[in-house]
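Heads up, the thing below is written out as structure tokens.
The values are calculated or read from the model by the stated rules, or taken from the named source; none is laboratory data. Remember, predicted model here, so these are calculated numbers, not experimental data. Glycine also receives a Cβ, built like all others from the backbone with ideal geometry; neighbour counts cover every protein chain displayed. Note: areas computed on protein heavy atoms with side chains; ligands, DNA, RNA excluded. Shrake-Rupley method; radii C 1.70, N 1.55, O 1.52, S 1.80 Å.
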Amino acid sequence: PLLINVNPAWNLPLYRVIAEAGSHPRFPEQVRGLSQVGLAFQYFRNGQIGRGLEHIRRAHAFNPAEFRAVFALSMARVLGLAADTASAGLWNRMARSADLLAGHLPWQPWEFGLVAVKSGRIADARAAVQKLEAMADESLAAGDSAAATTARGMASDVQGHLAAAQGDVDSAIAHLRRGLSMITGTYAAGRDVDRLLLASLLETRGEEEEALQIYGTLLKTPWTEALGYVRRAQLHERRGERQEALDFYARFVDLWAEADVHLQPQVESARRAMERLAGN
């Protein structure tokens with residue numbers, strides 16, 4: 001569990017040591033796979049998506065059913081962090097869309113729905129919502145109200161992403177708030193992806209204080225932490241809050257200093273913003 005949880009107090013070199021030790025042949029393949037997932041997450045956290053994908057491949061070799069590997073890749077794609085040239089082939093080999101939509105766990109159609117929205121496949125996104133609603137009905141009929149609530153919350157989340165993609169800000173916010181209030185436990189790992197979108201929508205609607213609060217707390221998943229820092233910095237800068245903007249730009253630049261080439265323009269933009277603010 002320590003390997004797959006993002007701990008900002010731990011650095012990348014430490015994770016490399018842990019992953020190397022955990023990959024020793026004396027350990028079961030599940031442990032060896034998890035060690036690779038944990039290291040991949042840390043590379044993702046530092047914007048080194050390409051290197052992270054290398055370890056995702058290794059994890060998948062140890063355990064083709066390792067859902068964290070598929071999840072990490074798809075969330076990187078949903079957020080635009082994974083360049084298509086680096087991830088498309090792996091994605092096609094690891095998880096066919098039909099498999100996710102037909103999955104028996106709510107995170108699978110939820111993930112499929114988010115990827116579908118990102119890819120502009122509106123009908124597929126709606127199919128994911130229908131699947132999740134059906135899963136909720138089945139769970140409720142079986143007396144499992146907790147599972148029903150989670151599935152219903154994930155359906156609402158997908159509807160939120162879909163509404164946002166179609167420009168309906170108010171509906172998107174309402175769906176995301178409802179979904180986030182319903183998802184707990186094991187399935188809460190992906191909520192920072194939804195919270196990042198919610199914060200962006202709130203900012204669009206002028207609700208800046210709540211947006212700032214959300215941006216500053218996107219620390220649980222490796223693909224949202226840096227984005228939360230830079231979005232918060234940009235909002236502080238627009239508000240004329242120079243020192244706060246500098247602080248969060250600095251956190252972003254430090255975290256993504258060695259990010260992949262296709263992400264470096266964001267880092268350079270943050271550096272220029274710091275220079276501009278320091279000159280004021």
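Indicate the gyration tensor shape class of region 114-192 (rounded, prolate or oblate), computed on the Cα atoms with a ≥ b ≥ c the square roots of the eigenvalues: a/c under 1.5 is rounded; otherwise a/b larger than b/c is prolate and the rest oblate.
prolate
Among 264-271, 219-226, how do they line up from the highest to the lowest mean number of other beta-carbon atoms within 10 Å?
Highest-to-lowest ranking by the protection proxy: 219-226, 264-271.
Which value, in Å² rounded to 10, gives the accessible area of Asp124 with a 1.4 Å probe and all protein chains present?
50 Å²
I'd like to check one number: the per residue accessible area of region 226-267, probe 1.4 Å, reported in Å² as a whole number. Each step should come with its number before you reach the end.
Values: 2020 Å² over 42 residues.
Heavy-atom accessible area per residue stands at 48 Å².
Does anything in region 257-280 have its amide N under 15 Å from the 7 Å Cα→Cβ label point of Glu208, and if so which residues?
Correct set: none at all.
What accessible area per residue comes out for region 100-216, rounded to a whole number of Å², with a 1.4 Å probe?
42 Å²
Show me, for region 248-256, the HN-Hα J-couplings you get by feeding each phi into the Karplus relation (A = 6.51, B = -1.76, C = 1.60, θ = phi - 60°), rounded to Hz, glycine and proline as x.
After applying 6.51 cos²θ - 1.76 cosθ + 1.60, I find 7, 4, 5, 4, 5, 4, 5, 6, 10 Hz.
Once the other residues with Cβ under 13 Å from the Cβ of Gly206 are scored (Lys, Arg +1; Asp, Glu -1), what is the net sum? Each step should come with its number before you reach the end.
Working: positive: Arg205, Arg238, Arg239; negative: Asp170, Glu203, Glu207, Glu208, Glu209, Glu210.
Once all neighbours under 13 Å are counted, the net charge is -3.
Quickly work out the Ile122-to-Arg16 label distance, labels modelled 7 Å from Cα along the C-beta direction, and quote it in nm with one decimal.
About 4.8 nm, to one decimal.
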